[in-house]
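Every number in this text was worked out from the coordinates using simple rules, so none of it is lab data. Remember, it's a predicted structure, so these values are computed and weren't measured experimentally. So basically every Cβ, Gly included, is an ideal-geometry build from the backbone, and we count neighbours across all protein chains shown.
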Amino acid sequence: MSRDINNKFWDEELETLPREELEKRQLADLQEIVKFAYENSPYYKRSFDEAGVKPEDIKTLKDIQKFPFINKKTQRDTQGVGSFLGELAAVSEEDVVFISTSSGSTGVPTMSPFTKKDFDEFQDTESRWFWQIGMRPNDRYVHALNFSLYVGGPDVIGAQNLGALCIWGGTLPSERLLFVLKTYQPTVIWTSPSYAWQLGEKALKSGIDPKKDLNIKKIIVAGELGGSIDATRKAIEDIWGAEVYDFYGLSDIFGACAAMCEAKDGLHIAENHILVETIDIHTGEILEPGQVGELVFTTLRKHARPLIRFRTGDIGRIDNTKCSCGRTHGRIHILGRKDDMFIVSAVNVFPSDIEAVIREQDGITGEYLIRIFERDFTNKYAVEIEKNADNPKSDDEVAAEVTAALKARIGVKPARVVVNPDGGLDTRSEHKSRRVIDERTLDYSI
Ligand SMILES: [Zn+2]
């Protein structure tokens, strides 16, 4: 590969396209994919006919608003119907080279098929993100993500195509992973934010100082929100002496659809692949760019199973202004999952807001557990934390501090803050932590 390693862009022309040019390309691809979906997918044929819309109705990007939404349920209801790939698919099985499936953490797992071209473009996008955070062919990279069924598994191919030396780590037990980091001295690793933090702590406890004994310069995190929470990112950076970059993926699209650049102000989304809309979570009304709502994605180039107006369930906003890094593709800011958001005294609360407060407080470990419950038919929340062993303050003092900080940031204070000793919370699971326990019995889904 003859790419200039000093060029900051993987694909300079694409990444710096003037907005009008980018939107012109989006429109051409949108017209093509909507027509392709209508002509080849039984579901879209039926759904567009029922809605009284035709592919020819797309004359501008805004015309997508005339088309019906789909969501996770649409995928579940149509998969396996009519054929192995289901009614949303627009190609036959012979054209498919890869499938990933969602974790099924919120129901039946859904399958995402890729044609050869879909897959190659997916990996080229992943190479672009790796290059964007500064990975170069002379880097050694550990891909410490699950390889089983998960769409993030194959992302390692994007790093290999870039020319980096890749170590297919997967979800190794932490002792073994630390051995790999110490022995092979890799420079870049990708894992979840909670695991990056815990692995750093584990290293320190076993006598390895990540800053001195290891060579990790960059950490990619995804799968949880931590990487977009400044305090969490800084806590991980402090342990490792490395830069942390947040990536955002969807099992239905790519392992990473969006990634931070050096500005760390939101995540650039691959707008050549994804048309982003933001809608009101309650009414479905279309919001202006910059307003917070549910993100709706239309895949512009995936032919195996096009997603037209897919409601992601993620709450956030898009910023289409040019970034200081020079890239013109918009940046998304994710606040959380719609399913994780809860309402207390008419205030929308995201677990990520609570995490940000906990990670900024001195004298506590940063581990936490959130409980959501009802009292008198009203939502309440409680937070459990851990006090550092060397913190001289009483538990009551610590609880009062945390309560005040939560009230200041979120607007509603917790019903209680429970203070545990260091190590007292059972939240240090490998690779992905469960930190929110919903004890409500009523259905609050929105
Ligand atoms: Zn940027």
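Tabulated data
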quantity: Burial ordering of Met341, Met111, fewest other beta-carbon atoms within 10 Å first; calculated: Met341, Met111
quantity: For the chain, with +1 on Lys and Arg beta carbons and -1 on Asp and Glu, the positive-most of Cys166, Tyr44, Thr403 along the dipole; calculated: Cys166
quantity: For region 342-438, fraction of C-alpha pairs farther apart than 20 Å, in %; calculated: 32
quantity: Kirkwood Rh (inverse of mean 1/r, distinct Cα pairs), region 147-284, angstrom; calculated: 16.1
quantity: Nearest 10 degrees, 0 to 90: helix 19-40 Cα axis against the chain principal axis; calculated: 70
quantity: Largest to smallest principal axis extent of the C-alpha atoms in the chain, angstrom; calculated: 69, 60, 41
quantity: Share antiparallel - DSSP beta bridges, the chain, percent rounded to 5; calculated: 60
quantity: Loop-resident sites, region 1-87, for trypsin sites (Lys or Arg not before Pro), counting at most 11 other Cβ within 10 Å (DSSP); calculated: Lys59
quantity: Those GluC sites (Glu not before Pro) in region 249-350 that DSSP places in a loop and that have at most 13 other beta carbons within 10 Å; calculated: Glu285
quantity: Alpha-carbon gyration tensor eigenvalues x 5, square-rooted, for region 1-86, Å; calculated: 33, 19, 11
quantity: For region 323-364, convex hull of alpha carbons as volume per residue, Å³; calculated: 129
quantity: Of Lys45/Lys117; Lys218/Lys338; Lys302/Lys322; Lys62/Lys322; Lys24/Lys322, pairs whose Cα-Cα distance is over 19 Å; calculated: Lys45/Lys117; Lys218/Lys338; Lys302/Lys322; Lys62/Lys322
quantity: Student exercise, the chain dipole from Lys, Arg, Asp, Glu Cβ charges, in Debye to nearest 20; calculated: 260
quantity: For Val151, distant residues with modelled amide H under 5 Å away; calculated: Thr101
quantity: Neighbour-count ranking [beta-carbon atoms within 10 angstrom, fewest first] of Lys302, Lys387; calculated: Lys387, Lys302
